[in-house]
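Derivation of every value follows stated rules applied to the coordinates shown; laboratory data play no part. Computed from a prediction, not measured in an experiment: that's the story for all the values here. Ideal geometry is used to build each Cβ from the backbone, glycine not excepted, and the neighbour counts take in all protein chains shown.
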Amino acid sequence: MLHKNMARASFLVYLTIMGAVAARAQEAVPTTPPVPRAITAAGGGDEAEHGQTPVLQHRKSRYQLHSSDVLELSFPFTPEFNQAVTIQPDGYITLRGVESIKVDGKTIPELVDLLRSTYAKILHDPVINVELKDFEKPYFIVGGEVGHPGKFDLRGDTSVAQAVAIAGGLNASAKHSQILVFHRVPDGWMQVKKVNLKKMLKEANLEEDAQLQAGDFLFVPKNTFSKIERFIPTSSVGMYTNPILH
């Protein structure tokens, strides 16, 4: 009887020890971190839930044709259609043997596809090469409350903050929390983006700084005080800016 009790007690101790070991082993097993949800242009993941939808910007985009650009069209198998054309102010080019087509706002690959479909009416499976001989040099314009407003060459990637620096920096009267960037899109529309440069500089974070595209117009407005300053008597302004110590 004594042996049976001792055996039963030993078995209970064994179960207790093995249970503790198993529990500790489960705690030691590393948990696999959850895979973050993919973030798309429309937003997603935790950023979208907190109202911080990431914005995808098109950088290194292809050149879009403008009026006054000069194009050389070559037809390797039908050289009688070779021609040099200039894009007219209305965005059209006049072609040899077919109707005029509207090409402004298109890239060179898009133009090649359009030319092939147009000449397919009179040629069988036409092969057409397009070379851009002369074009408007990329530029951006900065106006408003900056040191040197004007037109500047767009050389490589240039952000709003860099464009402001190129234009001589902000004036004391600038409202740099509401800088406006105007970008022309096809069909005569204008896209406007507001940039809070004040917030970005204060937080030392330029990740949200917008990249300029060719032809963009950047405008820095006046702050509220500079708008009403000319209506305030000079003596009153001096009273608040340079108080007399008694």
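Brief remarks on what is shown
- The range 122-179 versus the range 75-106: alpha-carbon centroid distance in Å: 27 Å
- Packing, taken as the mean count of other beta carbons within 10 Å per residue, orders the peptides 137-145, 99-107 from highest to lowest as 137-145, 99-107.
- A cut-off of 5 Å between modelled amide H atoms, ignoring neighbours fewer than 5 places along the same chain, links Leu95 with Ser100, Ile101.
- Scalar couplings 3J(HN,Hα) for the range 145-161, obtained by applying the Karplus form with A = 6.51, B = -1.76, C = 1.60 to θ = phi - 60°, are 8, 10, x, 9, x, x, 9, 10, 5, 9, 10, x, 5, 9, 8, 4, 4 Hz; x denotes Gly and Pro.
- Taking every alpha-carbon pair under 8 Å whose residues sit at least 6 apart, the range 70-143 reaches a relative contact order of 35 percent.
- Length gained on full extension, Gln83 to Ala120: 11.6 nm, using 0.36 nm per residue less the C-alpha separation.
- Linear extension gain, Ser68 paired with Lys198, 0.36 nm per residue minus alpha-carbon span: 42.9 nm
- Extending 7 Å from the Cα toward the beta-carbon at both Trp189 and Asp157 defines two label points whose distance is 2.7 nm.
- Amide proton proximity set for Tyr139, modelled H, under 5 Å, gap of 5+: Leu154, Gly215
- Taking every C-alpha pair closer than 8 Å and separated by at least 6 residues, the mean separation divided by the residue count of the range 49-208 gives a relative contact order of 16 percent.
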